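The values are calculated or read from the model by the stated rules, or taken from the named source; none is laboratory data. What you are looking at is a predicted structure, and each value in this text was computed from that prediction instead of being measured. Note that each Cβ is placed from the backbone with ideal geometry, even for glycine, and that neighbours are counted across all protein chains shown. Please note that ligands, DNA and RNA were not included when accessible areas were found on the heavy atoms of the full protein model with its side chains. Shrake-Rupley method; radii C 1.70, N 1.55, O 1.52, S 1.80 Å.
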Amino acid sequence: YIAIDGARENRPGEEKLVEEVKQVFQKALNGIEFQTGKATIKKSSNKILDQIVTIMNENPAYLLLINGHTDNVGKADKNLTLSSDRANAVKTYLVNKGVDEKRMTAKGFGQDKPVADNKTAAGRAKNRRVEFIVEF
């Protein structure tokens, strides 16, 4: 698999994500917004999600893991449910735009995998995210 953050190099013979594709997924990391406390995707997120639809439709070998994350505000069990619901909302959006459901897996991790300090507003904002991992 290829993590969008470039955490692992491609093995010989594996496809490579072109830089433009990596940039779209990187923008999506912070570009998908939801209504507060809900799994309702804000319309401002449609542009980046539509770009992902295009990428997926142009690259039928891509499989997509959609991972939802939250900050630590609220109860852990509710955050786990919210993160799962948000990941599934993104998957549903992509399916409704023509991406084959069998090529995607959505999972929520709640507050268990922060990328920043939950003690600050900026850190909490970074932790509320949907990550994409492309597999071949």
**Study point:** Karplus-derived HN-Hα couplings along segment 112-127 (A = 6.51, B = -1.76, C = 1.60, θ = phi - 60°), whole Hz, x at Gly and Pro
**Key:** 6, 10, x, 10, 8, 6, 6, 7, 10, 4, 5, x, 4, 4, 5, 6
Review point. Length gain on complete extension for the stretch THR92 to LYS113, per 0.36 nm per residue less the alpha carbon to alpha carbon distance?
Key: 5.2 nm
Check your understanding: Calculated FRET efficiency, THR81 and VAL18, Cβ-Cβ r, R0 35 Å, to nearest 0.05?
Key -> 0.50
Point to revise | Principal axis box of segment 46-124, alpha-carbon based, largest edge first, Å | key: 41, 23, 20
**Study point:** Accessible area (Å², 1.4 Å probe, nearest 10) - VAL115
**Key:** 90
Check your understanding: With every protein chain present, what is the per residue accessible area of the chain (1.4 Å probe, Å²)?
Key -> 58
**Study point:** the chain: translational diffusion in µm²/s, Stokes-Einstein, Kirkwood Rh over Cα pairs, 10 °C, 1.306 mPa s
**Key:** 105
Exercise for review: Holding the Cα-Cα limit at 19 Å, pick out from LYS38/LYS78; LYS38/LYS102; LYS38/LYS91 the pairs that are longer than that.
Suggested key: LYS38/LYS102
Practice item. For the chain, give the percent of accessible area contributed by carbon and sulfur heavy atoms, probe 1.4 Å, rounded to a whole number. Key: 48
Practice item. Estimate the FRET efficiency between THR120 and ASN30 by the formula 1/(1 + (r/R0)^6), using the beta-carbon distance for r and 25 Å for R0, to the nearest 0.05. Key: 0.95
